[in-house]
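What follows is one structure encoded as structure tokens, with my remarks underneath.
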Amino acid sequence: MGGPQPFGDWSAYFLLKEGRRIADHAMQCPKTAALLETLPLADIPGIAPAAFFSLLKPRTLIPPHTGVTNIRLVVHIPLVVPEGCWFRVGNEKREWRIGEALVFDDSIEHEAWNGSGEPRYLLIFDIWNPLLSAAERELVGDAAGGVREYYGRQIDQVQTDRVQTDRVQTDQVQADQP
């Protein structure tokens with residue numbers, strides 16, 4: 001069967017991504033989509049929330065990594081969790097248990113392992129960090145949205161420049177061919 005497969009065997013089916021509803025996916029999962037509408041999801045246009053079904057295939061490791069901010073917390077709802085699966089945040093390692101949510105600050109290093117021979121499935125979504133007041137959430141959301149808008153324009157320009165460079169290089173290669 002081989003050793004652990006880092007990231008290669010992890011996938012996600014998004015219902016919400018970067019604050020946008022994925023309509024086709026939400027229509028396929030109407031009860032989950034309705035449930036998500038009742039939760040205190042982090043709401044930062046173009047950034048959050050994310051909500052998705054996570055599949056971690058057998059003998060797969062998601063290596064240690066961190067998120068970018070602690071303004072939100074990440075919630076894991078275990079759906080199908082075979083024996084041999086664990087999750088580590090900081091120095092604390094736990095096993096997912098059906099019926100128990102794991103809520104954590106993903107700006108702290110974390111990793112996941114499915115050591116079983118079966119897939120592991122979770123529902124994962126972002127909520128506001130409860131230590132933020134409503135005014136702080138609004139302020140942070142506006143600031144993060146402004147940063148995203150500013151850098152998004154720069155990223156869009158870099159991507160446009162890259163596409164134009166690729167076209168020029170392609171045109172040059174085609175011109176050089178007999």
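Read-outs: derived from the displayed coordinates by stated rules, not from any lab. Model, not experiment: these values are computed from the prediction. Neighbour counts run over all protein chains shown; Cβ positions are idealised from the backbone, glycine included.
A few notes on this one:
- Once the Kirkwood radius over Cα pairs is known for region 1-138, the Stokes-Einstein relation at 4 °C and 1.567 mPa s delivers a diffusion coefficient of 83 µm²/s.
- Restricting region 1-88 to GluC sites (Glu not before Pro) that sit in a DSSP loop and have at most 11 other Cβ atoms within 10 Å of their own Cβ leaves Glu37, Glu83.
- With each label modelled as a point 7 angstrom along the Cα→C-beta vector, the Lys93-Lys57 pair spans 2.4 nm.
- Formal net charge of residues neighbouring His65 (Cβ-Cβ distance under 13 Å; K, R +1; D, E -1): -2
- Cβ-Cβ distance of Ala134 and Val80, R₀ of 35 Å, FRET efficiency by 1/(1 + (r/R0)^6): the value works out to about 0.45.
- About the centre of its Cα atoms, region 10-128 shows a dipole size close to 240 debye [charges on the beta carbon of Lys, Arg (+1) and Asp, Glu (-1) only; nearest 20 debye].
- Label positions at Met27 and Leu39, each projected 7 Å from the Cα along the C-beta direction, are separated by 2.3 nm.
- Cβ-based net charge around His110, under 13 Å, with every Lys or Arg adding one and every Asp or Glu removing one: -2
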